[in-house]
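As C-alpha cells, the structure follows; a few thoughts come after it.
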Amino acid sequence: MYRRQFLKALAASAAATYPLLNTWPTGGAHAAATPQDLAIGKRTLEVNGRAATVFGLTGPGGKPGLELVADTDFNVRLHNDTEESTLIHWHGLTPPWHMDGVPDNPAALLTSKQNRIYNFPVGRGGTHWMHAHTLQEQSLLAAPLIVRTAEDLARDEQDVVILLHDFSFKSPEELLAGLKSGSSTHGEMNMGHQGMMQRMMPMMKSGEMPMNHQGMTMPGMADMDVNDIEYDAYLANDRTLDDPEVVRVEKGGRIRLRIINGATATAFTIDTGAVAGSLVAVDGQDIIPVAGNRFPISMGQRVDIRLQLPSAQKSFPILALREGAAERTGIILATPEAAVTKISAKGSEMAPVLDLALEEKLRAAVPLVGRSPARRYGATLMGDMVSYAWAIETSESLNVNRNERVRITMRNMSMMSHPMHLHGHHFQVVEINGTAFSGAVRDTVMLPMMSQVVIEFDADNTGRWPLHCHHLYHMAAGMMSFVSYDDA
Ligand SMILES: [Cu+2]
C-alpha cells in the first residue's frame, strides 16, 4: 500500500477505533473502547506446487497482523477460530505480564472458539510481530505487528513489510523428534561437526576455550553445519522466489523495509542488491543509521532498512539469504513499467554465517540512561547437537526488584548460535566479547558460538519473564530461563 493510501486507511481505522482518544481517562476505563478483532484461523497455502494447511492471524481489513499507532492503546480481541488450543505472544511490545502470551506464564491457552481481550499501552513505534509461543509457530502462526509514529506517518516513504519463514511439510513434532533422535534432516556435513563437537566438549567444560570468535577458527570449522533443519522452502510473505510478491514502487521513491525474521530455526542475511540501504532500526528501536547492502537477521529479530531508489524503470529484488547455505527467498520491488525477471530460489554461492561484526557497530539512538547495575548475573548457554539438550545455566536464579538496573552477562559455550530474547523489556547491548560500548537497544540478540554478550535493562515491568533462545527447537529442548520480579 502506498503511504498516502495507507494514511487514509489508518486515519479511518483510528477514528473508528479511538473515537474518544483525547478524552479518555487513564487506567481501567480503556477497556470500554471497542477492541480491534484479530482472528487465529487456518488457511491453505501453495508451497512448491503443493497444498499446505497452515495457521493465519487476520486483523482488521482482512490483513495479516496489526498496524497500530504509537502511544495509543493496544486494544485487541483475540479469537481462536481453530480447533486447537493456542496463544499469541506480542514480540517487541511490553505488556503487563498476564497479557504476554506465553502459555501458563501466567495466562492459560486460549481454547477452541474462545476469545480474550488485551488492553495495554502500545508504547513507542517500531517493527514488531506476534507469534505462538508453542510449536505452532512452525506452522506459520505469526504475523506482523507494526507500530507507526507520527513522524513515520508524515514521512514521504513507502512502507514494505516482509515476514520471513522457514517452511516444512513435516509437522513441528516430527521435526523436533527427528532432532532429538539424531536421525533428522541433517546433511552429511554434520557428521564432521559431531566428531568435532566430541573433541571440543572437554575443552569447553574446562573453560579453556577462547572467548572471541577470531580465536575459534580451526581446521574443520568451516565445514560446520549451522542449520539444524533442511526445510522444504523459505518464504517471504508466504511466497517463494518461484512466485514472489511483487511490490510496485515509485521511480526514485523512498522505501522503508520492515523485515521480520519469523523463521523458527533459520537466520538470514538481507541483501538489498544494487540499492544501498541504510539500517535505521533493529527490533523496532532506532539506531544511528548504518549504510550497507547486507544485513544479518537472526530468528525473532527485525531490521528496518531505508532505501532511496534510483530514478529508473527497474525491478529491485530484496533477498533473504539462508545462513551458510545457497537457498534464498525474498520479494521484488518494481516500478510500474518494470519487467520482473525470475530469480532462482537457490543462489550460486553460500551466504554468510552470521557474526557480531554489524552488532558491534550499532549505536542506540536513545541509549539507556547511565546508571550502575544493582544486579549482575551470568547466564551460560549450553548444549550440543548430539544430545539435542539445550540449557541456560545460571549460578543463582535471575531475581530482580522493581526499578533496578539489571546486567546479564551471557556466555555461549556451545557450538551453535543462539538468538536470545527477553520478554517484557527492551535491553541495551553494552558489551561484546569484552569490549564495552553503547550498543543497540533491542529485545533479541544473537550470540554466535563461544561468544559473550552483556545486556542491561531497567526492571520496570513486574512479572516472571522468559529469557530464551528464539530457535524454536532449542527452546523446546530446554533453552529457557526466567527473570523473576520479587513482587511477581
Ligand atoms: Cu539456540
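Every read-out reported here was derived from the displayed coordinates using simple, explicitly stated rules and does not represent laboratory data. Fair warning: this is a prediction, and the values are worked out from it, not measured in the lab. Glycine gets a Cβ as well: all are built from the backbone with ideal geometry, and neighbour counts include every protein chain shown.
So for segment 225-331, taking the charge dipole from beta-carbon charges (+1 Lys/Arg, -1 Asp/Glu), which of 282, 316, 234 sits furthest toward the positive end?
316
Over segment 285-385, calculate the relative contact order: mean separation of alpha carbon pairs under 8 Å at least 6 apart, over the residue count, as a percent.
With pairs under 8 Å counted, the relative contact order is 30 percent.
Take every Cα pair under 8 Å in segment 233-354 that's 6+ residues apart, average their separations, divide by the length, and report that relative contact order as a whole percent.
For segment 233-354, the relative contact order is 33 percent.
With +1 on the Cβ of every Lys and Arg and -1 on the Cβ of every Asp and Glu, and nothing else charged, how large is the dipole of segment 337-407 about its Cα centre, in debye rounded to the nearest 20?
440
In terms of modelled amide H atoms, which long-range or inter-chain residues lie less than 5 Å from the amide H of residue 130?
When sequence neighbours closer than 5 places are left aside, the close amide H contacts are 91, 143, 145.
Between residue 113 and residue 396, what FRET efficiency follows from the Cβ-Cβ distance if R0 is 51 Å, with the result rounded to 0.05?
Once the sixth-power term is evaluated, E becomes 0.75.
Exceeding 23 Å between C-alpha atoms, which entries from my cross-link table qualify? They are 42/113; 113/170; 63/113; 63/346; 170/342; 170/346.
Details: 42/113 13 Å; 113/170 26 Å; 63/113 20 Å; 63/346 29 Å; 170/342 28 Å; 170/346 21 Å.
Pairs exceeding 23 Å: 113/170; 63/346; 170/342.
From the Cα gyration tensor of segment 437-488, with a ≥ b ≥ c the square roots of its eigenvalues, which class applies: rounded if a/c is under 1.5, or else prolate if a/b is larger than b/c, or else oblate?
Oblate shape, in that a/c is at least 1.5 and b/c is the bigger or equal ratio.
For residue 389 and residue 337, what does the FRET efficiency come to when R0 = 60 Å and r is the distance between their Cβ atoms, rounded to the nearest 0.05?
Using R0 = 60 Å, I get an efficiency of 0.60.
Explain nothing, just compute: Karplus ³J(HN,Hα) = 6.51 cos²θ - 1.76 cosθ + 1.60, θ = phi - 60°, for every residue of segment 256-264 in order, whole Hz, x for Gly and Pro.
Residue by residue, segment 256-264 yields 10, 7, 10, 10, 10, 8, x, 5, 8 Hz.
Could you tell me which of rounded, prolate or oblate describes segment 231-313, using a ≥ b ≥ c as the square roots of the eigenvalues of the alpha-carbon gyration tensor, with rounded for a/c under 1.5 and, failing that, prolate when a/b is larger than b/c and oblate otherwise?
Oblate, since a/c reaches 1.5 and b/c is not below a/b.
Which whole-number percent is the relative contact order of segment 361-485 (Cα, under 8 Å, 6+ apart)?
After rounding, I find 31 percent.
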